[in-house]
Structures are given as C-alpha cells and as structure tokens.
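See below for the structure under consideration.
The values are calculated or read from the model by the stated rules, or taken from the named source; none is laboratory data. Just so we're clear, the structure is a prediction, and the values are computed from it rather than from any experiment. No Cβ is skipped: glycine too gets one built from the backbone with ideal geometry, and neighbour counts run over all protein chains shown. What goes into the accessible areas is simple: the full protein's heavy atoms, side chains included, and nothing from ligands, DNA or RNA. Shrake-Rupley method; radii C 1.70, N 1.55, O 1.52, S 1.80 Å.
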Amino acid sequence: MTAADPSGSDNDDGGVRAGVWATLGEARTVLALERAGFDWVGVDAQHGHFDDAAVRALFALRRAPSAPVLVRVAANDLTLIGRALDTGADGVVVPLVQDASQAEAAVAAAHFPPRGARSWGPLPGSRDAAGVADLPRPLCAVMVETASAVAGVRAIAAVPDLDMVFVGPFDLALALGRDVDELLADTAADAPLPTIVRACREAGVLAGAFGGSPERAAALRAQGFSWIAVTTDAGVLQLGGEAARAALARSS
C-alpha cells in the first residue's frame, strides 16, 4: 500500500492497519511518525492542535510520502473537507455523521464533479484543473459516534464511494451511557461494535476505529476492525520514554 493508494489492505497482521493519531499540532512530529513504521497517520483538526495553518505546514514539508496521512476535519463541511484535501492529505475523517444523507454529503465534498461537489483550487505541485483527473482518489471515512448513527449504519456504509466507517468509541460510549471498555468488550451479535463491523463487511468498506492505547486497539482488532489508531503522538512519546528507562535499568 502507498500513500497514493490508502485503501489497500495488504500487511503482515491479518489485514489490520496499525495507525497513530496526531494531536500535538507539530508538523515534524507527524512526519517522524509517518516514517516510524505505522501504516497510517491520523491528524486531528477537530479536537487536536492542528488548525488550518498547521495542517498546511505539515503537507508543505512532506516530501516523500510513505504512509497515508488522513485529516480529521472539524465538521462535515464542504469547505473544510476541500481545504484538507487541497493541502495534499490522502483522505479525510469526517466526524459526527448521523445518517446516509450526511455520509453522502461527506463523500460529495471529497470528490470533484461529476461524482461530487468539491471545487478545484491551487493544489500542491502547481497542477492546473486539466490534471484533476490524474489525482489520486482520496479516502473518505465517516465517523459513527451516536446511537442514531449505529441504528443507521447499514445505510451509511452502503453510500457509494464511501471508503470507511470510523468509530470514535469514547464518544459512542458517552452517547450510549456506557463505559468505553465495557463497550469494547461487548461481542453480542446485536452490540454496537459488531453491528458496525457487520455493516462494513456487507457494504465492502473498511471498518476503522480509534483505540488510543495498545490494549484498546487489541480489543478493537478482536471485534473485527481493520484500521485502528493504536496510540497518539503523545502516547508514542510516553511509551518510548518508558522503554528507554527500562532499557537503561536492564543495562545497569
């Protein structure tokens, strides 16, 4: 899989793509994470420190893509989605999608006509409008984070040209009035996470989710999710610091 083909599924972990979620707002940290062996990187422009300028700085510095970098935009908005893709993002993650009509709006915002409604603007590499047809197809993921979205997930997943349904388990747990780890452990056939994974498989789209820690990522993998944010940029620093201290202790 390359950054130009972010929907690929070949890897050495049964088709699971281990990602990292970037929140700190630092472009060089994201580029280092991209080179660190993760299968994909999520850049958080909704709750993280990545404003429009930080996202643009990131992709202006990016020279040799090695893994897909997806931007979680702040809202399901035509302009925000288009601006993220104009910077050079390989795809977008669109939050708080409640039904199929909102999923269709997200897909339309991510694609140029005739499929979508995205407008052309100055793109990296000074490509003009005549080269739009040659651009890599962006990955479009929509987030399922509420009870109503879970109830309509089969219709959401079936929206043409949607690539991924992405679960925010913390927001979903809040919306359902449940503990997040209890939600992750619930494997009943009619439970929320199995319902989402089943809808994705029926529609032939990817099932993604935010884990935030290796332990929660393992629970999501067991549920059948294939694109999982295993940790965050801050989490990588913490895990690396703990590993360095442990290595020093072992050598003393």
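For the residues ALA173, ALA147, ALA158, the requirement of being out of contact with any Lys or Arg (no Cβ under 7 Å at 6 or more places or on another chain) and open to solvent by 60 Å² or more (accessible area, probe 1.4 Å) singles out ALA158. The requirement of being among the acidic types (Asp, Glu) and within 17 Å of the chain's Cα centre (by Cα) is satisfied by ASP44.
Would you be able to say whether some residue in segment 209-217 is outside any helix (DSSP H, G or I) and surrounded by fewer than 17 Cβ atoms within 10 Å (Cβ to Cβ)?
For segment 209-217, residues outside any helix (DSSP H, G or I) and surrounded by fewer than 17 Cβ atoms within 10 Å (Cβ to Cβ): present.
Going through (1) within 21 Å of ARG72 (Cβ to Cβ); (2) among the polar types (S, T, N, Q); (3) part of a helix (DSSP H, G or I) one by one, GLN238 falls short only on (1). For segment 52-71, filtering for residues that are free of Cβ contacts under 8 Å to residues at least 40 places away in the same chain and closer than 25 Å to GLU104 by Cα leaves 3.
Kindly evaluate ALA199 against the criterion of being open to solvent by 10 Å² or more (accessible area, probe 1.4 Å), small (Gly, Ala, Ser) and in contact with a helix residue (DSSP H, G or I) (Cβ under 9 Å, 6 or more places away or on another chain). For ALA199, the condition - open to solvent by 10 Å² or more (accessible area, probe 1.4 Å), small (Gly, Ala, Ser) and in contact with a helix residue (DSSP H, G or I) (Cβ under 9 Å, 6 or more places away or on another chain) - is not met.
Condition (residue is modelled with pLDDT of 95 or more and open to solvent by 60 Å² or more (accessible area, probe 1.4 Å)) applied to segment 6-26: is it met by at least one residue? Yes, because at least one residue in segment 6-26 is modelled with pLDDT of 95 or more and open to solvent by 60 Å² or more (accessible area, probe 1.4 Å).
In this entry, ALA32 is excluded by the filter for residues that are over 16 Å from the mean Cα position of the chain (by Cα), part of a loop (DSSP other than H, G, I, E, B) and of a type outside the set (S, T, N, Q).
Every residue, every condition in (1) over 14 Å from GLY224 (Cα atoms); (2) more than 16 Å from the chain's Cα centre (by Cα), yes or no:
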{"position": "ARG154", "(1), (2)": "yes, yes"}
{"position": "ASP163", "(1), (2)": "yes, no"}
{"position": "GLY168", "(1), (2)": "yes, no"}
{"position": "ALA173", "(1), (2)": "yes, yes"}
{"position": "LEU176", "(1), (2)": "yes, yes"}
{"position": "GLU182", "(1), (2)": "yes, yes"}
{"position": "ASP186", "(1), (2)": "no, yes"}
{"position": "ALA189", "(1), (2)": "no, yes"}
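Looking across segment 176-191, the residues that are out of contact with any Phe, Trp or Tyr (no Cβ under 7 Å at 6 or more places or on another chain) and either exposed (fewer than 14 other Cβ atoms within 10 Å of the Cβ) or part of a helix (DSSP H, G or I) (or both) come down to LEU176, GLY177, ASP179, ASP181, GLU182, LEU183, LEU184, ALA185, THR187, ALA188, ALA189, ASP190. Looking at ALA103, ALA74, ALA54, ALA89, just one residue is within 19 Å of LEU135 (Cα to Cα) and not basic (Lys, Arg), and that residue is ALA89.
Pairing residues of segment 233-252 that are touching a residue at least 24 places away in the same chain (Cβ under 8 Å) with residues that are small (Gly, Ala, Ser) and open to solvent by less than 40 Å² (accessible area, probe 1.4 Å), at Cβ distances under 6 Å and at least 6 apart in sequence or on separate chains, gives ASP233/ALA22. Within segment 94-123, residues that are more than 12 Å from LEU162 (Cα to Cα) and modelled with pLDDT of 95 or more have Cβ atoms under 6 Å from residues that are open to solvent by 60 Å² or more (accessible area, probe 1.4 Å) and of a type outside the set (A, V, I, L, M) in these pairs: GLN98/SER148, counting only partners at least 6 apart in sequence or on another chain.
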